[in-house]
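**Q** Let me give you the structure first, and then I'll get to my questions.
The values are calculated or read from the model by the stated rules, or taken from the named source; none is laboratory data. If you're wondering where the values come from, they're calculated on a predicted model, not measured in any experiment. When we count neighbours, we look across all protein chains shown, and the Cβ atoms used for this are built from the backbone with ideal geometry, even at glycine. Side chains are part of the model used for accessible areas, which takes the heavy atoms of the whole protein and leaves out ligands, DNA and RNA. Shrake-Rupley method; radii C 1.70, N 1.55, O 1.52, S 1.80 Å.
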Amino acid sequence: MDAVQVQAALTALGQPKFRWDQVRQAVFGQAVSSYDEITVLPAETRRALAEKFPLLSVRERRVDVSGDGRAHKALLDLADGRIVETVLLRPSPTRWTTCISSQVGCAVACTFCATGLMGLTRSLTPEEITDQVLFWRQYMMKKALPGRLDNVVYMGMGEPFACYDQVSTSLKILIDQKQFGIGARHISVSTSGVAPKIALFGRDFPQVNLAISLHAGTDELRTRLVPMNKAFNLAALAQALRDYIQSANRKIFFEYVLLKGENDRPEDADALVRWLDGVGPKELLHVNLIVFNQTNTPHQPTDENDARVFQQRMLAGGYKSTVRQNLGRDIDGACGQLVVLEKDQ
Ligand code: SAH
Ligand code: SF4
């Protein structure tokens, strides 16, 4: 829903100001699935709104649910026929998180990522970004799933800082008490390292969490895995993060996908520690070691033992580090597996 457009439409229809309050309470508070359910609105107003401003700019094409019911992946149709994916996860019994996309495909082309293989089609509009959250709220209501959806991570398809303006507008909408009302501290944005936008983000959104997809502690290795490292190398990234810490003074999460024989050796861990030492205070830097989810790429997951050794090296270097297993593997809904295949179209 585009709140600005709907408010303008209500005014054009000659409706008093309190009508918008009724609409937003129904849409964001009760997660109604159609204007028809907002029975406090006059019938002709409901009809006029439904005709011009559909509640959702995305339409469900398919939803897959993981065997344990803790991961739901949706393929959504956009108005121009493109398709985007979004995931609903239940990390704990009553808390839900959604992983949303910012673009159809991605231009960064990390070698291990299924989205990267697609290339970039286009960025999403702020409405298409936030409507993924609205879609899941409506879905939870219809399926009577207990608990609250109050965490959002920008870790789906696309590079959020390649479309900073749209992402920035979408964040404001999610945080707005009069719309989604999601706490800034419950939102995380993940970037592969668009350095100039990182510093800006720290100033614009000092309370939103930042995750950096790092994957390597040397330029030589990182450029191979994350080609954008040529444009913003590790020195530029470190400088941007120092600026970020200056304005946000917030913990930064680093994501590091462990790839067998490529970036998982003890010397790779040591290079990572050395680079982190130049970024900021250890207590503000947290390393998430991610188990590689199989994609149609030549990479292999690290052996468990190598992952443990790597983690030990991080801890010895003074950095908190966790190994993350992802939910949703059986439905290709885990990190890096989001891709629109030809069979889906
Ligand atoms: N483009 C942004 C947002 C996507 S987040 C970014 O890269 O940060 C998706 C996360 O999943 C990133 O940390 C990415 O590095 C990681 N990822 C990509 N492919 C993966 C794979 N096959 N297995 C595990 N994690 C993967
Ligand atoms: Fe794009 Fe992120 Fe995938 Fe890299 S990991 S290709 S930046 S979506």
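**Q** Please find, among 296, 263, the residue that is part of a loop (DSSP other than H, G, I, E, B) and either in contact with a Cys (Cβ under 8 Å, 6 or more places away or on another chain) or at pLDDT below 90 (or both).
**A** Values: 263 fails: either in contact with a Cys (Cβ under 8 Å, 6 or more places away or on another chain) or at pLDDT below 90 (or both).
Matching residue, one of 296, 263: 296.
**Q** Quickly run through the range 84-113 and pick out the residues that are open to solvent by 10 Å² or more (accessible area, probe 1.4 Å) and either without any contact (Cβ under 8 Å) to a residue 40 or more places away in the chain or outside any loop (DSSP other than H, G, I, E, B) (or both).
**A** Step one: list which residues in the range 84-113 are open to solvent by 10 Å² or more (accessible area, probe 1.4 Å), which gives 89-95, 97, 99, 106-113.
89, 90, 91, 92, 95, 97, 99 - these are the residues of the range 84-113 that are open to solvent by 10 Å² or more (accessible area, probe 1.4 Å) and either without any contact (Cβ under 8 Å) to a residue 40 or more places away in the chain or outside any loop (DSSP other than H, G, I, E, B) (or both).
**Q** Name the one entry in 38, 100 that is in contact with a strand residue (DSSP E or B) (Cβ under 6 Å, 6 or more places away or on another chain) and modelled with pLDDT of 95 or more. Explain how you work it out, then say what you get.
**A** Numbers: 38 fails: in contact with a strand residue (DSSP E or B) (Cβ under 6 Å, 6 or more places away or on another chain).
None of the other options fit; the residue is 100.
**Q** Tell me the residue from 31, 74 that is among the aliphatic types (A, V, I, L, M), part of a loop (DSSP other than H, G, I, E, B) and under 15 Å from residue 138 (Cβ atoms), please. Spell out how you get there, then give the answer.
**A** Working: 74 fails: part of a loop (DSSP other than H, G, I, E, B).
Going through 31, 74 in turn, just one is among the aliphatic types (A, V, I, L, M), part of a loop (DSSP other than H, G, I, E, B) and under 15 Å from residue 138 (Cβ atoms): 31.
**Q** Taking the condition closer than 25 Å to residue 261 by Cβ, assigned by TED's automatic domain parsing to the domain that holds residue 257 and within 16 Å of ligand 2 (Cβ to nearest atom), does residue 195 pass?
**A** Working: closer than 25 Å to residue 261 by Cβ: no; assigned by TED's automatic domain parsing to the domain that holds residue 257: yes; within 16 Å of ligand 2 (Cβ to nearest atom): yes.
So residue 195 does not fit the description; no.
**Q** Another one. Could you please give the count of residues in the range 59-83 that are surrounded by fewer than 23 Cβ atoms within 10 Å (Cβ to Cβ) and either touching a Phe, Trp or Tyr at 6+ places or on another chain (Cβ under 6 Å) or among the basic types (Lys, Arg) (or both)?
**A** Residues meeting the conditions: 5.
**Q** Kindly indicate which of 200, 171, 145, 134 is assigned by TED's automatic domain parsing to the domain that holds residue 251, in contact (Cβ under 8 Å) with a residue 60 or more places away in the chain and either more than 16 Å from ligand 1 (Cβ to nearest atom) or part of a helix (DSSP H, G or I) (or both).
**A** Numbers: 200 fails: in contact (Cβ under 8 Å) with a residue 60 or more places away in the chain; 171 fails: in contact (Cβ under 8 Å) with a residue 60 or more places away in the chain; 145 fails: in contact (Cβ under 8 Å) with a residue 60 or more places away in the chain.
Exactly one of 200, 171, 145, 134 is assigned by TED's automatic domain parsing to the domain that holds residue 251, in contact (Cβ under 8 Å) with a residue 60 or more places away in the chain and either more than 16 Å from ligand 1 (Cβ to nearest atom) or part of a helix (DSSP H, G or I) (or both), namely 134.
**Q** Right, here's the next one. Give the residue that is farthest from ligand 1 (Cβ to nearest atom), with candidates limited to residues of the range 114-131 that are open to solvent by 50 Å² or more (accessible area, probe 1.4 Å) and among the hydroxyl-bearing types (Ser, Thr, Tyr). Give the derivation first.
**A** Our first condition is that a residue be open to solvent by 50 Å² or more (accessible area, probe 1.4 Å); within the range 114-131, this holds for 117-118, 120-122, 125.
Restricting the remaining residues to those that are among the hydroxyl-bearing types (Ser, Thr, Tyr) gives 121, 125.
On the way: 121: 15, 125: 18 Å.
If we take residues in the range 114-131 being open to solvent by 50 Å² or more (accessible area, probe 1.4 Å) and among the hydroxyl-bearing types (Ser, Thr, Tyr), then 125 is farthest from ligand 1 (Cβ to nearest atom).
**Q** Within the range 208-225, is there a residue that is open to solvent by 30 Å² or more (accessible area, probe 1.4 Å), within 16 Å of ligand 2 (Cβ to nearest atom), in a loop (DSSP other than H, G, I, E, B) and not hydrophobic (A, V, I, L, M, F, W, C)? Spell out how you get there, then give the answer.
**A** If we filter the range 208-225 for residues that are open to solvent by 30 Å² or more (accessible area, probe 1.4 Å), which is where we start, we get 218-220, 223-224.
From what is left, the residues that are within 16 Å of ligand 2 (Cβ to nearest atom) are 223-224.
Applying the additional criterion that residues be in a loop (DSSP other than H, G, I, E, B) yields none.
No, every residue in the range 208-225 fails to be open to solvent by 30 Å² or more (accessible area, probe 1.4 Å), within 16 Å of ligand 2 (Cβ to nearest atom), in a loop (DSSP other than H, G, I, E, B) and not hydrophobic (A, V, I, L, M, F, W, C).
**Q** Same structure again: Within the range 148-156, is even one residue at negative phi, surrounded by fewer than 20 Cβ atoms within 10 Å (Cβ to Cβ), in the same structural domain as residue 204 (by TED's automatic domain parsing) and within 14 Å of ligand 2 (Cβ to nearest atom)?
**A** Scanning the range 148-156 turns up at least one residue that is at negative phi, surrounded by fewer than 20 Cβ atoms within 10 Å (Cβ to Cβ), in the same structural domain as residue 204 (by TED's automatic domain parsing) and within 14 Å of ligand 2 (Cβ to nearest atom).
**Q** Going through the range 164-185 one residue at a time, which ones are touching a helix residue (DSSP H, G or I) at 6+ places or on another chain (Cβ under 9 Å), more than 20 Å from residue 30 (Cα to Cα) and not hydroxyl-bearing (Ser, Thr, Tyr)?
**A** Answer for the range 164-185, where residues must be touching a helix residue (DSSP H, G or I) at 6+ places or on another chain (Cβ under 9 Å), more than 20 Å from residue 30 (Cα to Cα) and not hydroxyl-bearing (Ser, Thr, Tyr): 165, 166, 167, 171, 172, 184.
Per-residue answers, yes or no, for (1) within 22 Å of the chain's Cα centre (by Cα); (2) open to solvent by less than 40 Å² (accessible area, probe 1.4 Å):
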| site | (1), (2) |
| --- | --- |
| 265 | no, no |
| 275 | no, yes |
| 291 | yes, yes |
| 300 | no, no |
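**Q** Has the range 318-341 got any residue that is part of a helix (DSSP H, G or I) and modelled with pLDDT of 95 or more? Step through it out loud before you land on a result.
**A** Step one: of the range 318-341, the residues part of a helix (DSSP H, G or I) are 329-331.
Subset that is modelled with pLDDT of 95 or more: none.
Looking for residues that are part of a helix (DSSP H, G or I) and modelled with pLDDT of 95 or more, one finds none in the range 318-341, hence no.
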